[in-house]
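Working notes, beginning with the structure itself.
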Amino acid sequence: MIKTLKLTPLQLLACMFLFLVVVGGVLLKLPIATEKEISWIDAFFLSTSAATVTGLAPIDPSSTFTVFGEVVLMVLIQVGGLGIMTFAVLVVIVLGKKSG
């Protein structure tokens, strides 16, 4: 028998954010995304910074990333800034709770 994992909306949001950061970090580490080699820590830090729309960068993105890498960064910024909050409000509405 398979048990379903029940997550609260907050836990689901945190899991989605973690998934976004991990996928973004892996995509930024790909050879197609970089002109220079970057470390895993730099890739995940930049992915987290983009997803949280913080704007911190341990490296110069314009000289380090190719067009593919810059597109990945732009998607992380958009999904992190708009998508996660939109999804969070949608989950709250679907669950019938009031959003403040």
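The values are calculated or read from the model by the stated rules, or taken from the named source; none is laboratory data. Predicted model, so just to flag it, every value in this text is computed and none were measured. Note: ideal-geometry Cβ built from the backbone for every residue, glycine included; neighbour counts use all protein chains shown.
Structure above, values below:
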{"quantity": "Matching residues, the range 1-27, being of a type in the set (A, V, I, L, M) and farther than 14 Å from Val79 by Cβ", "calculated": "Met1, Ile2, Leu5, Leu7, Leu10, Leu12, Ala14, Val26"}
{"quantity": "Answer from Val53, Val79, Val75, Val71 - the residue that is over 20 Å from Cys15 (Cβ atoms) and not aromatic (Phe, Trp, Tyr)", "calculated": "Val71"}
{"quantity": "Residue satisfying condition, being on the phi < 0 side of the Ramachandran plot, surrounded by 15 or more Cβ atoms within 10 Å (Cβ to Cβ) and of a type in the set (A, V, I, L, M, F, W, C), within set Val67, Val92, Val71", "calculated": "Val92"}
{"quantity": "Some residue of the range 42-57 being more than 11 Å from the chain's Cα centre (by Cα), acidic (Asp, Glu), modelled with pLDDT of 90 or more and outside any helix (DSSP H, G or I)", "calculated": "no"}
{"quantity": "Qualifying position, being farther than 21 Å from Val92 by Cβ, free of Cβ contacts under 8 Å to residues at least 40 places away in the same chain, exposed (fewer than 12 other Cβ atoms within 10 Å of the Cβ) and not β-branched (Val, Ile, Thr), among Ser49, Ser62", "calculated": "Ser62"}
{"quantity": "Yes/no for Leu56 being surrounded by fewer than 20 Cβ atoms within 10 Å (Cβ to Cβ), of a type in the set (A, V, I, L, M), closer than 24 Å to Thr86 by Cβ and touching a Phe, Trp or Tyr at 6+ places or on another chain (Cβ under 9 Å)", "calculated": "yes"}
{"quantity": "Filter result (of a type in the set (A, V, I, L, M) and in contact with a Leu (Cβ under 8 Å, 6 or more places away or on another chain)) within the range 22-55", "calculated": "Leu28, Ala33, Ile38, Ala43, Leu46, Ala50, Ala51"}
{"quantity": "Residue in the range 1-10 that is in contact (Cβ under 8 Å) with a residue 40 or more places away in the chain and surrounded by 12 or more Cβ atoms within 10 Å (Cβ to Cβ) present", "calculated": "yes"}
